[in-house]
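This report concerns only the one structure given below.
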Amino acid sequence: MRHYVSSNCFRQAASSAAKTPCSTVAQIRRRRRHHQSQSRSPTPTLPQTADTQEIDPHPEDSNNATHLHSPHTPPTPPHMAAQFDASIRYPRVSVEEVPDEGDFPKYSVVTDIHPTAGKPLPGSFKTGWERQKDEETKHGVAPWAPFASADEWEFARYLMKSGLSQGRIDELLHLKMIAGQLQPSFSNKYEFFKKIDALPKGPCFWCETTIITGDVLNAQGERMREEVELWLRDPVECVRELMGKASLQDSMVYRPARVYTGEDRQTRVFEEMWSAEWWWEIQNELPKGATVAPVILASDKTQLSTFGGDKTAYPVYLTLGNIAKRVRRQPSQRATVLLGYLPVPTLSCCSTTTRQLKGYEVFHVCMARLLQPMVEAGKTGVPIACSDGRKRRVFPLLAAYCADHPEQCLVACCPENRCPKGTIGRDERGGLGLCWGRDVESTLSALEAVRAAQGSTEKRKALDSLKADGIRAVLPPFWANLPHCDIFSSLMPDILHQLHKGVFHAHLVKWCDQMMAPGELDRRFMSMASHPDLRHFAKGVKVEVDIEGSGEALPG
C-alpha cells in the first residue's frame, strides 16, 4: 500500500498560490524551466532555498530534520526573489511503501459438490423465451414488434426508462416535432401503453375476492362483512420463469456444495446459499437427481399516499437462492419478480378487541392461497427447462423470508414483544441467557390443541398455554402445509432496522460519540478516503434522516 507523506506546508503553499496572480505564476514556471534547461551540470554548493527542499516524511520530527538539496535545481534568480515568500516551504510529495496490515489470509479453496443433486433429465430442451423467438421467426414477426421499427422501439424504451409520468409522456407525444416528423405508430399515452402491454411478459396475474366476516352486527342484526381483493400469480410459474431466463444462465447453480479453506477440510466457507448446510441436508431428504429451488420471499406493507385517499399496498416478492447474490441483488438483472398483492382491509366489521387477531388471520389465509401451488410441487417436483438447455425435476421449497420485525412476528404467529425465532421471555431479551429456537411441530401442536378444545374451560387453558409460549392463536398458519419448511429458521435478519438502525446507530454510534469530543466522530468519518465498495459519509454519521416517516436518525 502506498502512503503519501506531506506536511502543513501544503496549506501554506496553497494559500500563497491563491494570493499570486495567474499570469505571474505562469511567468515564474516558464523562467524556471528555462534556467533548468541551461544548467545541466550539478552545482557543487547551493544555498538552501525554499524551492530546493524536500518534505520530511516524518512531519512530527520536522524540527530535527535534515533537508536535502536537489543537485539539478538552480537557485532562485535575483529578479524573481521578490515573487517568493522565504518563509514558505514549497512541498514535494514522497511515496513510501508501507506493508498492508490485517488482510485476509490467502488459502486454496476446496469444494465438495453433492453427488446426487441437480441431475438433468434426458434430452435437450429450449427455454420459454427461445421457443417464443422461434415461433416469431417462423411467422415472420419482427424482433421489434409490436412497434413499427427498431428506432421506434428505442424511442419507446427510452420513454419507459426515463421516469416520465403518463401526463408528460402524453404531452411529449403531442409535440409537433414528434407527431409531425417522427410520426410514431402511437399518438397518445393510451395507444403507447397498449403496445407496451402487448410485449411478451411472464406469468399472468389474476384477482380473487375474499370475504371477511366480523363480529359487529348491522341494523338487521347480521354480522357485517368486508370484501377484499387478492392479486396473485402462480409461484411455480414464477420459479419456471427465473430458472429458464437466459440472462441468468452464468449465475445459476443447481447443486449444493461444501466449501473449505484447505485440503484438511477443517474450516468451512459460507458465502452463497448453495454453500449453506440447509441445502445439503434438504438434498439428502429428496430423491436422487432432484434439484432444489430455494424460494426467497419478501413482503413489506407500503404507504402509497397520505392525503390522496390513504392508499396502501402490500406486495410480495419472490427470488431464488440458485442465483448468485451479486446478481440477485441488482434490480437491473430482473432476478426478483412480483408474486402478488395482499389485501389491506380496514376491518371495520370487527370490534377493537378482535381486529388485530382478524388481521393476522387475513394475512395467513391470503398467503396460504398465494403459496398453494408450492405444496404439491414441493412434494413431487415439477420438470422445468433451465437456462442451460437441460430439463430438471425441481422442488420449489420456501428457504428464506425477508421482512421487518413486525412482519416477522406476523409470520411467526407471535406478539411483537416476543422473539419471532426463539422462546425467550419478553423481559429476558437482550440478556446473556440461553435462548432455545422455536420448533414447528410443537407450535402446530399447540395451535391444534386450541382448535380441538371442546369446552370453554379447556379452550381457555389452551389459550393461556399459547400466551405463555408467546404464540398467537392463528388457525392455521400459511406455512403449516409447506413441505420441508422451518419458518422460524427461514426468517432473515432485517438489515435496515436490526443492524443499521439497531446495532450500529442506536448503540455503537451513540457509545462512540459519548466517548469522543463533540463532533470528533463525524470528522473522522468525513476524513476517510473513498472506496468503491464502501459507503463514504461525506456529512458524517450524525445527520438526521427521516426514514419511512418514523423520525428516527440514521447515518447520513
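If a residue counts only when it is on the phi < 0 side of the Ramachandran plot and loosely packed, with under 15 Cβ neighbours inside 10 Å, which helices (runs of 4 or more DSSP H) contained entirely in the stretch 438-532 have at least 2 such residues? Break it down into steps so the answer makes sense when it comes.
Values: elements: 440-451, 456-469, 487-490, 510-515, 520-526.
Passing ranges, in order: 440-451, 456-469, 510-515, 520-526.
In the stretch 369-392, what residues are open to solvent by 10 Å² or more (accessible area, probe 1.4 Å) and out of contact with any Leu (no Cβ under 9 Å at 6 or more places or on another chain)?
Listed by number, the residues that qualify are Gln372, Pro373, Glu376, Lys379, Thr380, Val382, Ala385, Asp388, Gly389.
Rundown of residues vs (1) of a type outside the set (A, V, I, L, M, F, W, C); (2) on the phi < 0 side of the Ramachandran plot; (3) in contact with a Phe, Trp or Tyr (Cβ under 9 Å, 6 or more places away or on another chain), yes/no style:
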position	(1), (2), (3)
Lys133	yes, yes, no
Trp144	no, yes, yes
Ala150	no, yes, yes
Gln166	yes, yes, yes
Lys176	yes, yes, no
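Taking the residues in the stretch 106-125 that are of a type outside the set (A, V, I, L, M) and touching a Gly at 6+ places or on another chain (Cβ under 7 Å) as candidates, determine which candidate is least open to solvent (accessible area, probe 1.4 Å).
Taking the stretch 106-125 first, the residues of a type outside the set (A, V, I, L, M) are 106-108, 111-112, 114-116, 118-120, 122-125.
With touching a Gly at 6+ places or on another chain (Cβ under 7 Å) added as a condition, the list becomes 107-108, 116, 119, 124-125.
Numbers: Tyr107: 117, Ser108: 72, Thr116: 40, Lys119: 95, Ser124: 101, Phe125: 69 Å².
Checked the stretch 106-125; the qualifying residue least open to solvent (accessible area, probe 1.4 Å) is Thr116.
Could you pull out the residue among Gly221, Gly202, Gly163, Gly214 that is open to solvent by less than 90 Å² (accessible area, probe 1.4 Å), modelled with pLDDT under 90 and more than 34 Å from the chain's Cα centre (by Cα)? Even if it seems obvious, please write down each step before you answer.
On the way: Gly202 fails: more than 34 Å from the chain's Cα centre (by Cα); Gly163 fails: more than 34 Å from the chain's Cα centre (by Cα); Gly214 fails: modelled with pLDDT under 90.
The unique qualifying residue is Gly221.
In the stretch 343-385, how many residues are within 30 Å of Lys119 (Cβ to Cβ) and charged (D, E, K, R)?
2
Suppose we keep only residues that are touching a residue at least 12 places away in the same chain (Cβ under 8 Å) and not in a loop (DSSP other than H, G, I, E, B) within the stretch 257-272. Which one would you say is nearest to the chain's Cα centre (by Cα)?
The residue in question is Val269.
Considering only residues that are among the small types (Gly, Ala, Ser), within 19 Å of Leu491 (Cβ to Cβ) and within 35 Å of the chain's Cα centre (by Cα), which ones fall in the stretch 426-470? Let's see the steps before the verdict.
Residues of the stretch 426-470 that are among the small types (Gly, Ala, Ser), as a first pass: 430-431, 433, 437, 442, 445-446, 449, 452-453, 455-456, 462, 465, 468, 470.
With the extra rule that they be within 19 Å of Leu491 (Cβ to Cβ), the set shrinks to 430, 437, 442, 446, 470.
Answer for the stretch 426-470, where residues must be among the small types (Gly, Ala, Ser), within 19 Å of Leu491 (Cβ to Cβ) and within 35 Å of the chain's Cα centre (by Cα): Gly430, Gly437, Ser442, Gly470.
Anything in the stretch 299-329 that is modelled with pLDDT under 95, of a type outside the set (Phe, Trp, Tyr) and either open to solvent by 60 Å² or more (accessible area, probe 1.4 Å) or under 18 Å from Pro373 (Cα atoms) (or both)? List them, or say none.
Those that are modelled with pLDDT under 95, of a type outside the set (Phe, Trp, Tyr) and either open to solvent by 60 Å² or more (accessible area, probe 1.4 Å) or under 18 Å from Pro373 (Cα atoms) (or both): Asp300, Lys301, Gln303, Leu304, Thr306, Asp310, Lys311, Lys325, Arg326, Arg329.
So, Ser275, is that one among the polar types (S, T, N, Q), in contact (Cβ under 8 Å) with a residue 24 or more places away in the chain and closer than 30 Å to Pro115 by Cβ or not? Show your work before the answer.
Details: among the polar types (S, T, N, Q): yes; in contact (Cβ under 8 Å) with a residue 24 or more places away in the chain: no; closer than 30 Å to Pro115 by Cβ: yes.
It is false that Ser275 is among the polar types (S, T, N, Q), in contact (Cβ under 8 Å) with a residue 24 or more places away in the chain and closer than 30 Å to Pro115 by Cβ.
Which residues, taken from the stretch 407-436, are open to solvent by 50 Å² or more (accessible area, probe 1.4 Å) and at positive phi?
Gly430
Among the residues of the stretch 224-264 satisfying the criterion of being open to solvent by less than 70 Å² (accessible area, probe 1.4 Å) and basic (Lys, Arg), which is nearest to Val316 (Cα to Cα)?
Arg233
The values are calculated or read from the model by the stated rules, or taken from the named source; none is laboratory data. Note that the coordinates shown come from a computational prediction; the quantities given were computed from them, not determined experimentally. Cβ atoms come from the backbone with ideal geometry, glycine included; neighbour counts cover every protein chain shown. What goes into the accessible areas is simple: the full protein's heavy atoms, side chains included, and nothing from ligands, DNA or RNA. Shrake-Rupley method; radii C 1.70, N 1.55, O 1.52, S 1.80 Å.
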